[in-house]
Amino acid sequence: MKSSYTLFLFLALASCTPHYTPAQYRFTEQKITVHDSRDEKMWNEILPYKDSLDKEMNVVLAVSDTILTKSTPESDIGNFMCDLILKKSRNYFTQPVDFTIMNNGGIRLPNLPKGNITLGDITELMPFENRVVLMSVSGKTVDSLFNHMAANGGWQVSGARYAINKFPKSGGEPVAVNISIGNEPLNLNKNYSLAISDYLAQGGDNCKMLVGIPYTDSKKTIREALVEGLKEMTIRGEHVKSILDGRVQIQK
């Protein structure tokens, strides 16, 4: 009887354990160079795994005709990533997908090289296990989200366009203006389907307006979507190209 009570108490306490979701993350990069001293014993241990990993990471996924660079408010690397994610999300989900966004902090390389783009490049570009999810958001939530994006210098989008007013008459932070989704002006009374990372959907990078909104999980990571999209481009004989089409602008 005593053991049964102990088990019950343990389960009750375990069920009350809070679950936390990170809202921010930070990292520092420390590169090992050829000038650093090497532990030969450790090196011999990891060498077989390194050779195998290098072989996998050096697999060429696609060819780029130009360097793709990270910048704000719009970047060709951001447009490239969002366009692929939007295209793949329309395959992952049965319901229509209107648009996608990506925070600049989620893009972990300053550029992608001209020429061969390898699996290693995409792994460095998107090292996280963040998954593609789909959520239905109201027009008012979209407006709030885009204002948050504008206040942070402009995030990357696909299936949408907007401009940033840096000096609103009301004062305060920059705001988003001229928002359009699917070539139509934003309708505050309409619902839109947004493909986004589960990190942002759960309120990461201060996307508080998204917290609590249900979403459907594709079970595919952002990285997997990019890899699949690049492989499909290669099969079609297409190269990666720089696309800067004014989807994010600074209002004059």
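The values are calculated or read from the model by the stated rules, or taken from the named source; none is laboratory data. Just so we're clear, the structure is a prediction, and the values are computed from it rather than from any experiment. Glycine gets a Cβ as well: all are built from the backbone with ideal geometry, and neighbour counts include every protein chain shown. We work out accessible area using only protein heavy atoms, side chains counted, and drop any ligands, DNA or RNA first. Shrake-Rupley method; radii C 1.70, N 1.55, O 1.52, S 1.80 Å.
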Quiz item: What are the residues in the range 27-42 that are of a type in the set (S, T, N, Q) and either modelled with pLDDT under 70 or open to solvent by 100 Å² or more (accessible area, probe 1.4 Å) (or both), if any?
Solution: Thr28, Gln30, Ser37
Quiz item: Looking at the range 170-190, is at least one residue touching a Pro at 6+ places or on another chain (Cβ under 9 Å), modelled with pLDDT under 95 and not in a helix (DSSP H, G or I)?
Solution: no
Exercise. May I ask you to list pairs of residues, at least six apart or on different chains, whose Cβ atoms are under 7 Å apart, with the first in the range 70-88 being closer than 12 Å to Val227 by Cα and crowded, with 22+ Cβ neighbours inside 10 Å and the second being charged (D, E, K, R) and modelled with pLDDT of 95 or more?
Key: Lys88/Glu228
Practice problem: Considering every residue within the range 126-139, establish whether at least one is under 22 Å from Arg247 (Cα atoms) and in a loop (DSSP other than H, G, I, E, B). | Solution: no
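A quick yes/no check of all residues on (1) under 22 Å from Gly203 (Cβ atoms); (2) open to solvent by 40 Å² or more (accessible area, probe 1.4 Å); (3) of a type in the set (Phe, Trp, Tyr):
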position: Met102; (1), (2), (3): yes, no, no
position: Thr118; (1), (2), (3): no, no, no
position: Asn130; (1), (2), (3): yes, no, no
position: Ser136; (1), (2), (3): yes, yes, no
position: Gly154; (1), (2), (3): yes, no, no
position: Ser170; (1), (2), (3): no, yes, no
position: Gly182; (1), (2), (3): no, yes, no
position: Asn191; (1), (2), (3): yes, yes, no
Quiz item: What number of residues in the range 154-169 are in contact with a helix residue (DSSP H, G or I) (Cβ under 7 Å, 6 or more places away or on another chain) and either farther than 19 Å from Asp98 by Cα or in a strand (DSSP E or B) (or both)?
Solution: 5
